[in-house]
Amino acid sequence: MKRIFSGVQPTGNLHLGNYLGAIRNWVQLQADFDCIFCIVDLHALTTPQDPATLRAQTREVTAAYIASGIDAERCIIFNQSMVAGHSELAWLLSCLTPLGWLNRMTQFKEKAGKQKDNAGLGLYAYPVLMAADILLYKATHVPVGDDQKQHLELARDIAGAFNRQFNVDYFPLPEPQIFGAATRVMSLRDGTKKMSKSDLSDYSRINMTDDADTVAQKIKKAKTDTEPLPESLAGLEARPDAANLLGIYAALAGIAQEAAVIRFAGAAFSAFKAELVDLAVSVLGPIGAEMKRLMREPAYVDAVLRRGAERAGEISRHHLSEIHTILGLLRP
């Protein structure tokens with residue numbers, strides 16, 4: 001059985017990059033994989049969180065999953081903290097993980113910066129919890145972006161170390177799930193920077209909850225240059241803002257970027273943006289509207305999370321029982 005595990009932190013402001021780079025692809029995986037999609041709220045605690053905001057944002061991410069087309073009956077949708085097995089397996093795996101492996105993780109160095117001596121243990125041990133998330137369900141494939149590839153490699157290393165130390169073939173080595181063309185969505189205000197929820201300008205991103213008028217306004221105000229659109233991909237090399245908008249159009253239309261370039265070759269940005277607005281509103285408008293509807297029904301969203309946690313918990317308990325036996329831990 002092929003099983004997918006993936007998750008998103010509930011840290012607010014899900015945007016077009018999250019949708020095109022991850023969530024939309026997950027929808028396609030439902031047909032071929034047993035899918036487990038998590039809201040990784042324990043990972044969110046590596047930075048300070050307001051409790052009420054964290055709860056609201058957990059519901060918002062859940063609503064985004066459902067509104068985008070993830071079937072809560074076919075797939076398992078739950079928040080990480082509802083299944084205690086994540087924390088337990090993280091501890092068990094941390095006892096097998098050399099510090100040298102964690103010292104090589106670049107994301108800790110980037111996030112902690114010069115304050116690494118004051119950073120929490122959770123931020124340092126984040127990759128072990130991520131490995132536990134994946135291995136708890138014996139996932140065979142994990143969709144990952146560029147910033148998570150190193151963490152998936154660590155999960156494979158930890159799984160292999162466990163198998164070797166106890167002379168078992170228990171954990172599969174999870175493979176990265178690669179999509180045909182990765183969609184890297186950049187800021188609407190600066191085509192050289194990745195679209196981010198932390199950007200101070202809301203006009204730098206299209207939020208998944210933006211209504212049609214807001215989407216249209218943000219695209220119309222997106223940064224461009226003074227030249228017509230190029231006639232080939234080579235013409236985009238020194239034009240990051242044009243490349244970004246054409247890439248967004250291609251991703252939303254489900255076509256190759258080269259095809260988008262050919263379609264709009266020589267066009268003025270004003271004409272191109274008008275078509276991009278129509279396309280973006282047609283794709284994102286229904287998703288945003290459904291997200292808002294679901295967010296007005298927190299009891300329904302919470303019920304989805306509880307059902308998902310029950311299903312995930314059943315798998316977790318079964319695997320932890322086997323892991324305890326392998327480790328030599330007595331069960332009640």
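Taken together, the values in this text are just the output of simple stated rules run on the coordinates, not laboratory data. Keep in mind that what you see is a predicted model, and the values were worked out from it rather than measured. Methodologically, a virtual Cβ is constructed for each residue, glycine included, from the backbone with ideal geometry; neighbour enumeration extends over all protein chains shown.
Taking the range 150-274, how much of its Cα-Cα pair set, in percent, is spaced more than 21 angstrom apart? More than 21 Å apart: 52 percent of the Cα pairs in the range 150-274. Full extension of the chain between R306 and Q28 yields a length gain of 97.7 nm, computed as 0.36 nm times the residue separation minus the alpha carbon distance.
Taking the longest Cα principal axis of the chain as reference, the axis of helix 51-68 is set at about 70 degrees. Against the chain, whose longest principal axis is taken from its Cα atoms, helix 149-165 shows a tilt of about 20°.
With neighbour counts taken as other beta-carbon atoms within 10 Å, the residues W26, W101 rank, fewest first, as W101, W26. Bridges between two residues of the chain, per DSSP, are antiparallel at a rate of about 10%.
Sorted ascending by nearby beta carbons within 10 Å, beginning with the fewest, H324, H86 become H324, H86.
Counting other Cβ atoms within 10 Å as a rough exposure proxy, the listed residues C95, C35, C75 run C95, C75, C35 from fewest neighbours to most.
Under the combined filter of DSSP loop state and at most 10 neighbouring Cβ atoms within 10 Å, the range 260-320 retains none of its chymotrypsin sites (Phe, Trp or Tyr not before Pro).
Counting only DSSP H runs of at least 4 residues, each contributing -39500 (n - 2.57), and dividing by the residue count of the chain, the helix-based mean residue ellipticity at 222 nm comes to -16500 deg cm²/dmol. Do any trypsin sites (Lys or Arg not before Pro) in the range 217-321 lie in a loop, going by DSSP, with at most 13 other beta-carbon atoms within 10 Å of their beta carbon, and if so which? Filter output for the range 217-321: R296.
Using the Cβ-Cβ distance between E175 and S270 with R0 = 35 Å, the FRET efficiency computed as 1/(1 + (r/R0)^6) comes to roughly 0.20. I want to verify a result. In a Gaussian network model of the chain, Cα cutoff 10 Å, which of these has the top mean-square fluctuation: A222, A44, A268? Of A222, A44, A268, the most mobile in the Gaussian network model is A268.
Applying both filters, DSSP loop and at most 15 other Cβ atoms within 10 Å, to the chymotrypsin sites (Phe, Trp or Tyr not before Pro) of the range 153-199 gives F166, Y170, F179.
For the chain, the longest principal axis of the C-alpha atoms and the axis of helix 85-94 are separated by about 70°.
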